[in-house]
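The values are calculated or read from the model by the stated rules, or taken from the named source; none is laboratory data. Please read these numbers as outputs of a predicted model, since none were measured by experiment. Cβ coordinates were reconstructed from backbone atoms using ideal geometry, including for glycine residues, and neighbour counts include every protein chain displayed. Remember, those area values only see protein heavy atoms, side chains included, never the ligands or the DNA or RNA. Shrake-Rupley method; radii C 1.70, N 1.55, O 1.52, S 1.80 Å.
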Amino acid sequence: MLAEIKGLNEECGIFGVWGHPDAAQLTYYGLHSLQHRGQEGTGIVVSDGKTLKGVKGEGLVSEIFTTEAMTKLTGSAAIGHVRYATAGGGGYENVQPLLFHSQSGSLALAHNGNLVNANSLKHQLETQGSIFQTSSDTEVLAHLIRRSGYPHLNDRVKNALSMLKGAYAYLIMTETELMVALDPHGLRPLSLGLLGDAYVVASETCAFDVVGAEYIREIMPGELLIINENGLTSERFAVSTTKAICMMEYVYFSRPDSNIHGINVHTARKSLGKRLALEAPIDADVVTGVPDSSISAAIGYAEEAGIPYEMGLIKNRYVGRTFIQPSQSLREQGVKMKLSAVRGVVEGKRVVMVDDSIVRGTTSRRIVSLLKEAGATEVHVVISSPPIKNPCFYGIDTSTKEELIASDKSVEEIRQLIGADSLTFLTVDGMMHALGQEGTNGYCLGCFTGNYPTEIYPDTLQYYYQK
C-alpha cells in the first residue's frame, strides 16, 4: 500500500489469544500479518495467570520483538497491537497495549478505532480527579472502568463501554480473562477464531490463516465476549445496534486475503473494478493498477473492459521507513522512491490507471507524471470509489476537510491538477451494486457522503473542519 505517502492511514490492528502455551509467538505472527494497518508502533502484553507483562516500542513488529524481547513474554494469553498514530499523536507512551497496575489487579487495553467523544469524557474524568498518562483516547476506557461502581468487572466494562461514542474494537485483558468488545455500529472489523482449544481474535481474518486458526464468526456490534478458564460467554452492552462497517475496509485497508461480512476483499475489489469499467468505458491499450491495494480493481476493470492488464507500475519493496515523511514537500519524492513506471509496458500506449482513492491529489499527480515520462501517450485515471469529500472521525487519517482535494474541487478541476487525460470516480450506487447491495444500509460511507452513523461532537468537528 501507499498509505504512508497518500495521507490515508488506518488507526491500527489488534490480535489476541487465550489458552495457548505459545500465545506470545502466535500474537507476533498475527501482528505481522496485520502490519499494513499500522507501522508506527507495536506491543504485546501476556498473562501467565498471575501477572501481566508487556513489551512495546515505536517501529515495526520485526524490529520491536527481537529474540531477547520474546523471551520475556511467557504465558498462555496475550493481546497485541500495531498502530498508526491519528488521535493522540505518536510517542512511546501512546503505543499499545496500554498496561495499568493497581492493588486490585492489572488491566491491559488494545483499541482499533477512534472515540468521537473522547475529549468530553477526558474533561469530565479530569474534573473528577483522573490523571491521564497518555494522549491516546484509548486510556479513557481504563478510567471509566476503574470509576464504575459495579462490583463485577464485566458489569464495569459494559457500563464503561456504554458511555463511548464512535468506532472501537477493544481487547481487554486481566490476569484471568480476556474481554472482546465491538462498538454498536461495528465500524471496524473484528473476528473470532479457534486454534485447537485456544480462542483467537483478530482485526482481519488473514491473521487466522497465518497462525493456523479456524474462523468461527464475526464479533457482533454491541457484543462483549468474555473468555476465561470456564470458556466463552457472550453478553451485550448495547441493545440498539445498527451495523455500519467502514466501506474503506473493502476499498483500501484490509488485505485482499481477508473476508469481511462473508465477502472476500479481493473479490470485492475486482467487482468494484468491473463496475467501474461499465461506468467509465475508455478506448485504451492497457490497464494498470497502483500497487498494492488497487491491483484487484485493475484486474476487474481489465476483464470487464476487454483490455489487457499489465504491470505498468512497480513498487519498490525495499525502501526503508526513512523515506516515509509527513511533510507535503517530501511526499512527491516519496512516491518516486516507492514507484517506478515500466517503460516497456506503457511507452506509446494509451493507459488506464486504476487507483482506489484520491486524497490530496499529490500522489496521483506524480504517478500520472511517471507514466507520461515513461512514454504513455494518454493516461486515463479511474478511481474504484467515490470522491472523498469529508474527513473520517472513526480512526482513519483523512486529514482536515480543507486538505481533501475533492471537498472543494470538481472532478474536472481535479483532473487538471493531476494532469490526467480523463478522470472518473465510481458512483456510490455503483459501489454498492458491486458489493451486491441494494442500498447503503449496513455500511459507513461518511467520507463519501457526509452522512455519519454517530453523533459528531463539536470539539471533534472543530479540528477536522478547520479553515
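Quick notes
- Region 133-285, relative contact order in percent, only Cα pairs under 8 angstrom and at least six apart counted: 18 percent
- Each Cα pair under 8 Å and six or more residues apart adds its separation to the average, and for region 363-449 the resulting relative contact order is 38 percent.
- Distance between the 7 Å Cα→Cβ label points at residue 197 and residue 261: 3.7 nm.
- Region 114-251, accessible surface, carbon-and-sulfur percent (1.4 angstrom probe): 47 percent
- Between residue 155 and residue 437, the FRET efficiency estimated from the beta carbon spacing at R0 = 25 angstrom works out to 0.10.
- Rounded tilt (10° steps) of 328-338 against the dominant C-alpha axis of the chain: 80 degrees
- Rounded to the nearest 20, the size of the Cβ-charge dipole of region 371-425 about its Cα centre is 120 debye, with Lys and Arg at +1 and Asp and Glu at -1.
- Cα lying deepest toward the dipole's positive end in the chain, options 21, 264, 80, charges on Cβ: 80
- Computed with a 1.4 Å probe over protein heavy atoms only, the accessible surface of the chain comes to 39 Å² per residue.
- Cut-off 11 Å between beta-carbons: net charge of the residues surrounding residue 351, Lys and Arg +1, Asp and Glu -1: -2
- Check: region 100-226 dipole with +1 on Lys, Arg Cβ and -1 on Asp, Glu Cβ, in debye: 500 debye
- Distance between region 386-428 and region 44-72 - C-alpha centres, whole angstrom: 40 Å
- If you sort the three axes of the alpha carbon gyration tensor as a ≥ b ≥ c, you get a/c of 1.5 or more for region 152-218 and a/b no higher than b/c, which makes it oblate.
- Overall form of region 7-130 per C-alpha gyration tensor (a/c, 1.5; a/b vs b/c): oblate
- Using C-alpha pairs below 8 Å separated by at least 6 residues, the relative contact order for the chain is 14 percent.
- Within region 424-447: backbone nitrogen closer than 11 Å to the residue 240 label point (7 Å, Cα to C-beta): none
- For the chain, a/c is not less than 1.5, where a ≥ b ≥ c are the root eigenvalues of the C-alpha gyration tensor, and a/b tops b/c. That puts it in the prolate class.
- Test item: Cα-centred dipole of the chain, Lys/Arg +1 and Asp/Glu -1 on Cβ, debye: 580 debye
- With Cα atoms, 0 to 90° folded angle of helix 362-373 axis to the chain main axis: 40 degrees
- Residue-count net charge about residue 179 - beta-carbon cut-off 12 Å; Lys, Arg +1, Asp, Glu -1: -2
- Extension reserve of the residue 93-residue 133 stretch, reckoned as 0.36 nm per residue once the Cα distance is removed: 13.6 nm
- Between 0 and 90°, nearest 10: helix 265-279 axis offset from the chain longest Cα axis: 30 degrees
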